[in-house]
1. When you go through S253, S191 one by one, which is the residue that is open to solvent by less than 10 Å² (accessible area, probe 1.4 Å) and either under 20 Å from P306 (Cα atoms) or without any contact (Cβ under 8 Å) to a residue 12 or more places away in the chain (or both)?
2. If you check G202 against the conditions, is it in contact (Cβ under 8 Å) with a residue 24 or more places away in the chain, on the phi > 0 side of the Ramachandran plot, surrounded by fewer than 19 Cβ atoms within 10 Å (Cβ to Cβ) and out of contact with any strand residue (DSSP E or B) (no Cβ under 8 Å at 6 or more places or on another chain)?
3. Identify the residue in the range 336-352 that is out of contact with any Phe, Trp or Tyr (no Cβ under 6 Å at 6 or more places or on another chain) and aliphatic (A, V, I, L, M) and, among all such residues, is farthest from S191 (Cα to Cα).
4. With the range 1-89 as the region, which strands (runs of 3 or more DSSP E) entirely inside it contain at least 2 residues that are touching a residue at least 40 places away in the same chain (Cβ under 8 Å) and either surrounded by fewer than 20 Cβ atoms within 10 Å (Cβ to Cβ) or among the polar types (S, T, N, Q) (or both)?
5. Filter the range 325-353 down to the residues that are of a type in the set (G, A, S) and in a loop (DSSP other than H, G, I, E, B), then identify the one that is least open to solvent (accessible area, probe 1.4 Å).
6. Anything in the range 402-448 that is among the β-branched types (V, I, T) and either touching a Lys or Arg at 6+ places or on another chain (Cβ under 7 Å) or free of Cβ contacts under 8 Å to residues at least 40 places away in the same chain (or both)? List them, or say none.
7. Can you name the residue in the range 269-305 that is small (G, A, S) and assigned to a loop (DSSP other than H, G, I, E, B) and, of all such residues, is most open to solvent (accessible area, probe 1.4 Å)?
Amino acid sequence: FQLSPSQINDILRAGELSHKTLHLNGKNASSVLRFESNQLASNTPIEDRRSAASCLQTKGMMFGVFDGHAGSACAQAVSERLLHYIAVSLMPRHTLEEIELAVECMKPILPILQWHKHPNDVEYQEITSQYFENLRVYWQHLLDLDTELGFSLEEAMTCAFKRLDSDISLEVQAPQENELMRNIALQVAFSGATACVAHVDGVHLHVANTGDCRAVLGVHEEDGTWSTLPLTRDHNACDEFEIRRLKREHPRSEEKTLFVNDRLLGILMPSRAFGDVQLKWSKELQHSILENSCDVEALNIYQYVPPNYHTPPYLTAEPEVTYHKLRSKDKFLVIASDGLWEMLSNEKVVKLVAGHLTELNVQKPQLAFEKPVNLGYMHSLLLQRKNRGTASLDRNVATHLIRHAIGSNEYGEVDQEKLAAMLTLPEDLARMYRDDITVTVVYFNSEIIENY
């Protein structure tokens, strides 16, 4: 197919999401100015997911990117549930008690999150009540701990990641009468997802990462140049820390078989992930669960026990949490699935966002109208815009990044023919040239940060 520029734009912009933070006067002003996000599928359906929400019972905003594999089921469940688990982990004891009391008395509970969603973001409606029940069991557990102080943010994020992964594993082992719910639980547990979640509260930025999504900060230095500050490490076979960690956790006899062809046990690229119970459970447990339950083929469950499967678990969902104190020169945070980072370096991504920011700022004053406004004046203004090429500039910076990721030539410029070709690849070929791409860019309010 030959796609016209407007058809290309329609495809690229279909998943756009942007949200501007409302500024309350005084102390409650958020250090997040706005965020912009987008997705482009390679798999059908897309296996990536994203989440963004404001925490209503604690301060702060959260942004997550989730990269699914072996199907979208695990990424879907984690995108719906993980931010709730983190929010609950952060709540003071008295708030948890209030919520528990409300549930007991069958009264409406305090809302936990205000979601910022795209209209196309899907939800597992059938299983929401089950998810809520398990979240409730988690907060009851937190109340039983009887600690007045609660968790630090790092502890809350770590605990939430591990608890959700544990719940995903237990839900599929529990007896379940409802066949649909059982099938969803099976698909979630036997597929997998990596996750990167940022929590921003004032000048405090925490990033929890499990797997090979990535978070990078764009920093505007005093001399006017831009620098990059990576806040995550890719958890895979290219990372020395991960190789050493896995060697510590397994017998010396397995040293040579832990990573085969740069994949965990020769199967999985990331070395940390949610789900993927076939790399966490014993062979016996896997066999007993699948034997009793289902048509594995119909559910697209991938059954394969690698030859050197001796001492599971080989995989963990435990995140690595990074803390960064925001400075007024920290202008934006980019969180994206590895589909973006395979195409563009950290430096290139920061350069593109910074350039986009500059271009948008340059345009703004030139759109001020002289009075009185007549048609001739409007026409000349539109012609100026057309000549400057601003009509084609993506308003959403995530789209700008995706356009460059799949359409750039060797000079770093977008080649329309390459872009059209990459967007019209047949389904079975697309995956060979590009992965699903999900990007969220969070802009910070330098004035608010300065005031802190």
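1. On inspection, the qualifying residue turns out to be S191.
2. Yes: the conditions hold for G202.
3. L352
4. 17-20, 32-40, 48-55
5. S337
6. Scanning the range 402-448 gives I406, V414, T438, T440.
7. A298
Per-residue answers, yes or no, for (1) out of contact with any Ser or Thr (no Cβ under 9 Å at 6 or more places or on another chain); (2) modelled with pLDDT under 90; (3) not hydrophobic (A, V, I, L, M, F, W, C):
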{"residue": "A354", "(1), (2), (3)": "yes, no, no"}
{"residue": "E359", "(1), (2), (3)": "no, yes, yes"}
{"residue": "P365", "(1), (2), (3)": "yes, yes, yes"}
{"residue": "N374", "(1), (2), (3)": "yes, yes, yes"}
{"residue": "M378", "(1), (2), (3)": "yes, yes, no"}
{"residue": "N387", "(1), (2), (3)": "yes, yes, yes"}
{"residue": "A391", "(1), (2), (3)": "yes, yes, no"}
{"residue": "S446", "(1), (2), (3)": "no, no, yes"}
{"residue": "E450", "(1), (2), (3)": "no, no, yes"}
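The values are calculated or read from the model by the stated rules, or taken from the named source; none is laboratory data. All values derive from a computational prediction rather than experimental measurement. Cβ coordinates were reconstructed from backbone atoms using ideal geometry, including for glycine residues, and neighbour counts include every protein chain displayed. Areas reflect the complete protein model, heavy atoms only, side chains present, ligands, DNA and RNA absent. Shrake-Rupley method; radii C 1.70, N 1.55, O 1.52, S 1.80 Å.
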